Amino acid sequence: MFIVPGALVNHPLQPAWGVGQVQSVIGNRATVNFEHAGKVVINTDRVTLDIFDGVAPDGKSGQTDNG
């Protein structure tokens, strides 16, 4: 899988981190800014990040209801 800056991702082993936005990718290192963990550098040879599909790992929608 090819991760690009701006992509929204989840860490499969750290669901408590929440959704993260990829900030940069250089070689096998992706810098991701997670909702609850802040900025984390991920070795993509060791961890395959999941593309965020609009549903958080806890099963809730990733969108907020402002109504």
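The numbers here are math on the coordinates, done by the rules we state, and not lab data. Please read these numbers as outputs of a predicted model, since none were measured by experiment. We place every Cβ from the backbone using ideal geometry, glycine too, and count neighbours over all the protein chains shown.
Miscellaneous remarks
- Charge sum, other residues only, whose C-beta stays under 12 Å from V9's C-beta, Lys/Arg counted +1 and Asp/Glu -1: -3
- Residue order for I26, I3, I42, fewest other beta carbons within 10 angstrom first, comes to I26, I3, I42.
- When you count the other C-beta atoms within 10 angstrom of each residue and take the mean per peptide, 27-34, 45-52 line up highest first as 27-34, 45-52.
- Net +/- balance of residues flanking L49 in space, Cβ distance below 15 Å, scoring K and R +1, D and E -1: -1
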